[in-house]
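Read through the structure below, which is laid out as structure tokens, and then see the notes.
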Protein chains: 2
Amino acid sequence: MLGARDVVPDSSTADILLAAADCFMERGYSATSVDDVARRLGATKGRIYHHFPSKSALFAGVFQFGMDRIFDAIEPYRNLPGPAVDRWKRIAFVHTNRMMKSKTLARVVWEGVEMHLRGATTPEQRVVLDGLVKYRNSYSDIFRETIVQARDEGDFNFEDPAITVQSMFMALNSPIFWYVPRPGEDDEHVHAIARQIVTFAYRGLGGKGELDL
Amino acid sequence: MLGARDVVPDSSTADILLAAADCFMERGYSATSVDDVARRLGATKGRIYHHFPSKSALFAGVFQFGMDRIFDAIEPYRNLPGPAVDRWKRIAFVHTNRMMKSKTLARVVWEGVEMHLRGATTPEQRVVLDGLVKYRNSYSDIFRETIVQARDEGDFNFEDPAITVQSMFMALNSPIFWYVPRPGEDDEHVHAIARQIVTFAYRGLGGKGELDL
DNA sequence: CAAAGAACATACTACCCAGTATGTTGTCAA
DNA sequence: TTGACAACATACTGGGTAGTATGTTCTTTG
């Protein structure tokens, strides 16, 4: 698998990654200082630079960590037998749920892709980000292949797959920008939101009838 | 109109705004230095600080300028008589086209909203951004009211308007992230892309039949 | 138990950058 | 013509920040 997880982070490293994810989400990459992350950890820079060679490597670590979590969500369903449209319903639904449940990490992944599109700063930083974005593209390829197959099977209906998959993904990802988790909220509430978003995308793709989730 | 254009920028100020928009789009707000903007202008900081009191004020200026352009696009159609669904088709189409034709400004507006959601830095910066985001919300309200009305008229079909309008907007806005203008490309190509995106959103909203654009 | 290294903290440096203070040039009105 | 002001450029400062160099403590291993 392209650039997939090479190392499982130990406990201390994982704490750093999560704290960094919080900071990157709240202020964005360049507005976040390494000291900010350390402060949130109740530690100092020394700890972070002991585990990561640079700020950009830290960001890459969060990106990787986040993509792993996102991949995990759809993994059980991505090879389901049967019509492609049913497979799409499953992975679209778990994906959208994961966007809300792991909103912080999802936002960092998003910013990583944005950074890549803008053209990251230094050359070697670029190489790292390139690999990660390929990893992320292999993810969206899963969706692309699924909807194209579903179209071939007569369940979906659209023109350009490139444009359509982008529209679909934006809709599915949208909650990372506006969803605010409430304290003590049950999973059913998140499911209800996901259901409406997936319904929107399902119809947008040309799906017929109701979808049962 | 809430926080609408109070001043029309003179030529020199407009040049600064456009250069700033380019920089903010390429590197993001905090990664862009005032010197970067000046360099792109072939000028120095002095020129910028002569027209804007601070970097955040410069950003606010670009935001306002961008929102004005976006409002302009739908202005001729927002009060069209007839069924709401037809009005929606028009404004959705011109909106999506504007996203591509004014991609740079649209991206800055997007980042402004993101900054606001994150909670902008200083208090007085917050006040300015609050006003601008209200301006921008009055824009999305137009869409919200339109789709709700169209639902009442039986042309659309969805559950929660808040969730649906977000999904719809994300789909319509998506090209600001992936559309790359080709040199010497004709408007018809942009129209074709916009048509597919609007079709996706139209179906997503529960619209029936084909839409003629 | 000693020594070596892991896992940090502390202290420091060089640089970038927002903002300011001040100089310079052109224009326009009286 | 002159003075006043607009529209910049130049020069400088203070604070923040990535990265480094060097302790310090604790754990592991022979």
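The values are calculated or read from the model by the stated rules, or taken from the named source; none is laboratory data. What you are looking at is a predicted structure, and each value in this text was computed from that prediction instead of being measured. Ideal geometry is used to build each Cβ from the backbone, glycine not excepted, and the neighbour counts take in all protein chains shown. Remember, those area values only see protein heavy atoms, side chains included, never the ligands or the DNA or RNA. Shrake-Rupley method; radii C 1.70, N 1.55, O 1.52, S 1.80 Å.
R0 = 22 Å: FRET efficiency of A:SER54 with A:SER11, Cβ-based, nearest 0.05?
Numbers: r = 22 Å, r/R0 = 1.00.
It comes out at approximately 0.50.
Taking R0 as 41 Å, what's the FRET efficiency between A:ASN79 and B:ASP141 from their Cβ-Cβ distance, rounded to 0.05?
Details: r = 44 Å, r/R0 = 1.06.
Rounded to the nearest 0.05, the efficiency is 0.40.
From the P(r) of chain A, can you give the percent of Cα pairs sitting at distances over 29 Å?
More than 29 Å apart: 30 percent of the Cα pairs in chain A.
Report, in whole Å, the centroid distance computed from the Cα atoms of segment A:67-99 and segment B:31-68.
Centre-to-centre (Cα) distance: 44 Å.
Round to the nearest 10 and report in Å² the accessible area of A:GLU188, as given by a 1.4 Å probe over the protein chains' heavy atoms.
Using a 1.4 Å probe on the heavy atoms, I get roughly 90 Å².
Between the label point of A:GLU114 and that of the same position in each other copy, find the distances and list them shortest first in nm, with every label point placed 7 Å from Cα along the Cα-to-C-beta direction.
0.1
Let's see if you can work this out: charge +1 on each Lys and Arg Cβ, -1 on each Asp and Glu Cβ, no other charges. What is the dipole magnitude of the protein assembly as shown about its Cα centre, in debye to the nearest 20?
Numbers: 52 positive and 56 negative charges, 169 e Å.
Once rounded to the nearest 20, the dipole reads 820 debye.
Of B:GLU26, A:GLU185, which has the most accessible area and how do the rest follow, probe 1.4 Å? Walk me through the numbers on the way to the answer.
Values: B:GLU26 80, A:GLU185 45 Å².
Heavy-atom accessible area, descending, gives B:GLU26, A:GLU185.
Using 0.36 nm times the number of residues separating B:ARG182 and B:GLU114, minus their current alpha carbon distance, what extension gain do you get?
21.7 nm
Calculate, axis by axis, the spread of Cα positions in the protein assembly as shown along the three principal axes, and write the results as whole Å, longest axis first.
So the extents along the principal axes, rounded to whole Å, are 57, 56, 47.
Projected onto the charge dipole of chain B (+1 at Lys/Arg Cβ, -1 at Asp/Glu Cβ, origin at the Cα centre), which of B:ALA84, B:ALA192, B:LEU117 gives the Cα projection farthest towards the positive end?
B:LEU117
Work out which helices of chain A, taken as complete DSSP H runs, extend at least 15 Å along their axis over the Cα atoms and score a mean Kyte-Doolittle of 0.0 or more, then list them. List each step's numbers first, then the result.
On the way: long enough: A:11-27 (24 Å, 0.54); A:55-74 (30 Å, 0.75); A:84-101 (25 Å, -0.56); A:103-118 (22 Å, -0.08); A:123-152 (41 Å, -0.63); A:161-173 (17 Å, 0.97); A:187-204 (25 Å, -0.15).
Those that pass (Cα extent of 15 Å or more, hydropathy at least 0.0) are A:11-27, A:55-74, A:161-173.
Separation between the A:LEU213 and A:ARG39 pseudo-spin-labels, each 7 Å from Cα along Cα→Cβ, expressed in nm?
Going from the A:LEU213 label point to the A:ARG39 one covers 3.9 nm.
For chain B, with only Lys/Arg (+1) and Asp/Glu (-1) charged at the beta-carbon, what is the dipole magnitude about the Cα centre, in debye rounded to 20?
Dipole size: approximately 440 debye.
Round to a whole angstrom and tell me the spacing of the C-alpha centers of segment B:145-209 and segment A:174-213.
After rounding, the separation between the Cα centres reads 18 Å.
Quick one: give the max-minus-min coordinate of the C-alpha atoms of segment B:1-82 along each principal axis, largest first, in Å.
52, 24, 20
Can you work out the accessible area per residue across the protein assembly as shown, with the rest of the protein chains kept in place, probe 1.4 Å, in square angstrom? Intermediate results must be reported in sequence, preceding the final value.
Working: 19080 Å² over 426 residues.
Value for the protein assembly as shown: 45 Å² per residue.
How big is the accessible area of A:TYR29 in square angstrom, nearest 10, if you roll a 1.4 angstrom probe over the protein chains?
40
Given H placed 1.01 Å from N in the peptide plane, which residues other than close sequence neighbours of A:GLY206 have an amide H under 5 Å from its amide H?
When sequence neighbours closer than 5 places are left aside, the close amide H contacts are A:ASN157.
Nearest 100 Å² is fine: how much accessible area is buried between B and A, summed over both sides, with a 1.4 Å probe?
For chain B against chain A, roughly 3000 Å² becomes buried.
In whole percent, how big is the carbon plus sulfur part of the accessible area of segment B:54-204, probe 1.4 Å, protein atoms only? Walk me through the intermediate numbers first.
Details: 3000 of 5960 Å².
Heavy-atom surface of segment B:54-204 belonging to carbon and sulfur, 1.4 Å probe: 50 percent.
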